[in-house]
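Peer 1: Would you mind keeping the following structure in view while I ask a few things?
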Amino acid sequence: MKDLERLRLIMKSLRNPENGCPWDREQTIDSIKGYTIEEAYEVVDAIEQDDMAGLCDELGDLLFHIIFYSEIADEQGFFDFDKVVKNVVEKLERRHPHVFSGKELENTEQVKKLWEEIKYQERRTRQETTGETKLLDDISKNLPAIQHAKKLQKRAATVGFDWTESAEIVAKIREELNELEQEILNQENLDGITEEMGDLLFCCINLSRHLHVDPELALRQTNDKFVKRFNFIEESLAKSNKSLQEATLEEMDALWNESKSRFI
């Protein structure tokens, strides 16, 4: 706690109007949000690299951002860091009655069900306070599109608006793919192609959710695999004193197929 208080004092010093840091003094809640997103991705990157020292460092950077937002909000009279901590403590205790209130649960599925029930009651209370009336109103539109789609689908599923079998979603994917192919035939209709592509991606995310596969993680893994395989193509061509620009598509495709046996 001593170091945490020191961190808060450092933040106040950086924001001091008279002798603080010029850059830190100029920042607003809106201006640092992009940096926060970068820090969050750097946390994920450290985890995926199994870099525990890096993770410790990146978590510190992320904590600093929380302190940063809290200090600016405090200056404007909205809330302070203590309020942030108080809110999350109350939320965690409220959402874990099986730990803090003596309610007995037997398995993970019961915990998940209770969690959703509590979140539903929280949304009802928030709707009464803020005037939100729709089930999907409080889902942030600023989330990355994959995460936004997943949250929309998960929320709709809480009231029974969901597929019952994965096979039904696979059939829907085939239907959406056929509709996309029809729009592609009409090459001038870019709006139609865009719409059908979105529908297809939305269905693929839905299938991932039903299969308990994180679509963001699945795509990141595929991206990493693509980089490894493409690097193999470039390195193999370099050994033959040939650049990517000089190689034919057939040569690159043959090396791609070779790389698949190395980077599954």
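Throughout, read-outs are computed from the coordinates displayed, never taken from laboratory work. Predicted model only: the values in this text are computed from it and were never measured. Don't worry about glycine lacking a Cβ; one is built from the backbone with ideal geometry, like all the others, and counts go over all protein chains shown.
Peer 1: Would you please name the trypsin sites (Lys or Arg not before Pro) within region 148-179 that are DSSP coil residues with at most 11 other C-beta atoms within 10 Å of their C-beta?
Peer 2: none
Peer 1: Just to verify a number: FRET efficiency for Q127 and K2, C-beta to C-beta distance, R0 = 30 Å, to 0.05?
Peer 2: It comes out at approximately 0.15.
Peer 1: Moving to a separate point now. In region 96-138, if every C-alpha pair distance is counted and binned at 10 Å from zero, what percent goes to each bin?
Peer 2: 27, 40, 25, 8
Peer 1: While we're on this one: Just to verify a number: FRET efficiency for W115 and S261, C-beta to C-beta distance, R0 = 35 Å, to 0.05?
Peer 2: Calculated transfer efficiency: 0.20.
Peer 1: Loop by DSSP (not H, G, I, E, B), at most 15 other beta-carbon atoms within 10 Å: where is the longest site-free stretch of the chain for GluC sites (Glu not before Pro)?
Peer 2: With GluC sites (Glu not before Pro) excluded where exposed in loops, the chain gives 19-103 as its longest stretch.
Peer 1: Looking at this model, which pairs from K83/K141; K33/K112; K141/K225; K83/K150; K86/K150; K91/K112 are more than 27 angstrom apart at the alpha-carbon?
Peer 2: In this structure, K33/K112; K141/K225; K83/K150; K86/K150 exceed 27 Å between Cα atoms.
Peer 1: Next up: Kindly identify region 1-59 as rounded, prolate or oblate by the Cα gyration tensor criterion: order the square roots of the eigenvalues as a ≥ b ≥ c, call it rounded if a/c is under 1.5, otherwise compare a/b with b/c, prolate if a/b is larger, else oblate.
Peer 2: oblate
Peer 1: Please state the shape class of region 113-264: rounded when a/c is under 1.5, otherwise prolate if a/b exceeds b/c and oblate if not, all from the C-alpha gyration tensor.
Peer 2: Prolate, because a/c is 1.5 or more and a/b exceeds b/c.
Peer 1: With a Förster radius of 41 Å, plug the Cβ-Cβ distance of E75 and A156 into 1/(1 + (r/R0)^6) and report the FRET value to the nearest 0.05.
Peer 2: Calculated transfer efficiency: 0.55.
Peer 1: Compute the length gained on full extension between L217 and T28: take 0.36 nm times their separation in residues and subtract their Cα-Cα distance, giving the result in nm to one decimal.
Peer 2: The span from L217 to T28 would gain 64.9 nm if fully extended.
Peer 1: Taking region 87-130, which trypsin sites (Lys or Arg not before Pro) meet the DSSP loop condition and have no more than 13 other C-beta atoms within 10 Å?
Peer 2: K103
Peer 1: Something else now. Kindly identify the chain as rounded, prolate or oblate by the Cα gyration tensor criterion: order the square roots of the eigenvalues as a ≥ b ≥ c, call it rounded if a/c is under 1.5, otherwise compare a/b with b/c, prolate if a/b is larger, else oblate.
Peer 2: oblate
Peer 1: Subtracting the Cα-Cα distance from 0.36 nm times the residue separation, let me have the gained length for V89 to N178 in nm, one decimal.
Peer 2: Here the segment from V89 to N178 would lengthen by 27.1 nm.
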